[in-house]
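Asks: Here it is, the structure in full.
The values are calculated or read from the model by the stated rules, or taken from the named source; none is laboratory data. As the structure is a computational prediction, the values presented were derived from the model and not from experiment. As a convention, Cβ positions derive from the backbone with ideal geometry for all residues, glycine included, and neighbour counts pool all protein chains shown. Quick note on the areas: whole protein, heavy atoms, side chains included, nothing else; ligands and nucleic acids left out. Shrake-Rupley method; radii C 1.70, N 1.55, O 1.52, S 1.80 Å.
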Amino acid sequence: MPQTKPIISVENVVASASVDQKMDLNEITRTFPDVEYHPDQFPGLVFRLKSPKTATLIFTSGKMVCTGSKSEEMARKAVKTVVQKLRKGGIKVKKEAVVEIQNIVASINLGGKIHLEQAARTLPRSMYEPEQFPGLIHRMLDPKTVILLFSSGKLVCTGAKKEPDVYRSVNNLHALLEEKDLMIYE
């Protein structure tokens, strides 16, 4: 049983969505002056929401990418809100958006320091080159995530598609670090 309980905070959820129809980005820009659209620089339009605080990219294909939410539920709600706002503004959106979570990024504090040098030698599928980057990069197979470990005991978990996968990854790694005596508690 680990000595400390990791403090896990979801920082960003990236979701893709599609309304399965072509979108007129110029019409959306005329209707919503707050959106950002510079087709010469980037093919997508940026539709920002204050609540939930997110940015949704909308493409002419009807595909969307929502970033900035702090949970899966919030990402789904943000896409739904964008579609509702488009409809309210007179933009015809026939179907509901089909949302799929692509990536969840979380920051973690294990509450103790990590022996990175030893961890690099002990943990499988790990890469540690302190001259290039101060963190150890650990690729977990189940759940399929990538965890950055820092000597301070802080971690960044990325690649999860479901929130429970973040918790499972972190708890598996934490237990392994303790089992291999790679944690230092002052």
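Asks: For the range 56-76, which positions are farther than 18 Å from V105 by Cα and either of a type outside the set (G, A, S) or open to solvent by 40 Å² or more (accessible area, probe 1.4 Å) (or both)?
Replies: In the first step, residues of the range 56-76 are kept if they are farther than 18 Å from V105 by Cα; the result is 57-64.
The answer is L57, I58, F59, T60, S61, K63, M64.
Asks: Looking at G111, G90, which one is more than 25 Å from Q21 (Cβ to Cβ), over 16 Å from the mean Cα position of the chain (by Cα) and among the small types (G, A, S)? Break it down into steps so the answer makes sense when it comes.
Replies: Working: G90 fails: more than 25 Å from Q21 (Cβ to Cβ).
Criteria check complete, one pass: G111.
Asks: Could you tell me which numbered condition P52 fails, if it satisfies all but one of (1) modelled with pLDDT under 95; (2) open to solvent by 20 Å² or more (accessible area, probe 1.4 Å)?
Replies: (2)
Asks: Right, T56: over 22 Å from C157 (Cβ atoms), part of a strand (DSSP E or B) and in contact with a strand residue (DSSP E or B) (Cβ under 7 Å, 6 or more places away or on another chain) or not? I'd like the intermediate steps shown before the answer.
Replies: Working: over 22 Å from C157 (Cβ atoms): yes; part of a strand (DSSP E or B): yes; in contact with a strand residue (DSSP E or B) (Cβ under 7 Å, 6 or more places away or on another chain): yes.
Here the answer is yes, as T56 does meet what is asked.
Asks: Also: Test E117 against the stated conditions and say whether it is open to solvent by 50 Å² or more (accessible area, probe 1.4 Å), free of Cβ contacts under 8 Å to residues at least 40 places away in the same chain and within 30 Å of D181 (Cβ to Cβ). Let's see the steps before the verdict.
Replies: Numbers: open to solvent by 50 Å² or more (accessible area, probe 1.4 Å): yes; free of Cβ contacts under 8 Å to residues at least 40 places away in the same chain: yes; within 30 Å of D181 (Cβ to Cβ): yes.
Answer is yes for this residue.
Asks: Can you tell me which residue in the range 92-105 is least open to solvent (accessible area, probe 1.4 Å), limited to those that are within 30 Å of I7 (Cβ to Cβ) and in contact with an Asp or Glu (Cβ under 6 Å, 6 or more places away or on another chain)? Spell out how you get there, then give the answer.
Replies: First, the residues of the range 92-105 that are within 30 Å of I7 (Cβ to Cβ): 99-105.
Within this subset, residues satisfying the condition of being in contact with an Asp or Glu (Cβ under 6 Å, 6 or more places away or on another chain) are 101, 105.
Numbers: I101: 10, V105: 39 Å².
Of everything passing the filter in the range 92-105, I101 is least open to solvent (accessible area, probe 1.4 Å).
Asks: Pick out the one residue from Q3, Q21 that is part of a loop (DSSP other than H, G, I, E, B) and either among the small types (G, A, S) or under 30 Å from I147 (Cβ atoms) (or both). First the steps, then the outcome.
Replies: Values: Q21 fails: either among the small types (G, A, S) or under 30 Å from I147 (Cβ atoms) (or both).
Just one listed residue meets the conditions, Q3.
Let's see how each residue does on (1) of a type in the set (D, E); (2) at pLDDT below 95; (3) touching a Ser or Thr at 6+ places or on another chain (Cβ under 8 Å); (4) not in a loop (DSSP other than H, G, I, E, B):
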| residue | (1), (2), (3), (4) |
| --- | --- |
| E73 | yes, no, no, yes |
| V82 | no, no, yes, yes |
| V93 | no, no, no, no |
| G111 | no, no, yes, no |
| Q118 | no, no, no, yes |
